[in-house]
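Each value in this text was obtained by applying a stated rule to the coordinates, not by laboratory testing. Please read these numbers as outputs of a predicted model, since none were measured by experiment. Using ideal geometry, Cβ is built from the backbone for each residue, glycine included, and neighbour counts are taken over all protein chains shown.
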Amino acid sequence: MSGVPDHLLCELLAQSLAAWRVAGSVTQSDGALVIGGSGKAIRIDRAQHAMFRWMVTVDGRQRPAISLLAVLCQVREALDSGYAANRVRIAAAKLVP
């Protein structure tokens, strides 16, 4: 469980939306943070599982997040259609000369 107070997380998300130039609002509801904007419904809950700290639900699809950075990435991917997410895949393979 993350020790980040809800009001600070709410402010971080609100400032992130402003920095990304994405219209939306952040509110607290039933112990979760709810983000509305760009026709998406996003809910961020604290996870009960020890491996993950947050659960991010976007339009009914729930995904775990291990850090605030992961939460921010998921939120931006959902709200900003022009955002190009960078994904890293690690696989065992021979080095290319």
Please report Rg (one decimal) and Dmax (integer) in Å for the Cα set of the chain. 15.1, 55
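Please report, in debye to the nearest 20, how large the charge dipole of the chain is about its Cα centre when each Lys and Arg carries +1 at its beta carbon and each Asp and Glu carries -1 there. Can you show the working numbers first?
Numbers: 11 positive and 7 negative charges, 99 e Å.
It works out to roughly 480 debye.
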For region 1-56, taking Cα atoms only, what is the radius of gyration to one decimal and the Dmax to the nearest whole Å? 11.6, 34
Relative contact order for the chain: what is it in percent, counting Cα pairs under 8 Å that are at least 6 residues apart? 17 percent
If I fit a long axis through the Cα atoms of helix 68-79 and take the longest principal axis of the Cα atoms of the chain, what angle between them do I get, 0 to 90°, rounded to 10? 80 degrees
Using θ = phi - 60° and Karplus 6.51 cos²θ - 1.76 cosθ + 1.60, couplings along region 17-30 (whole Hz; Gly, Pro as x): 4, 5, 5, 7, 6, 10, 6, x, 9, 10, 9, 9, 8, 6
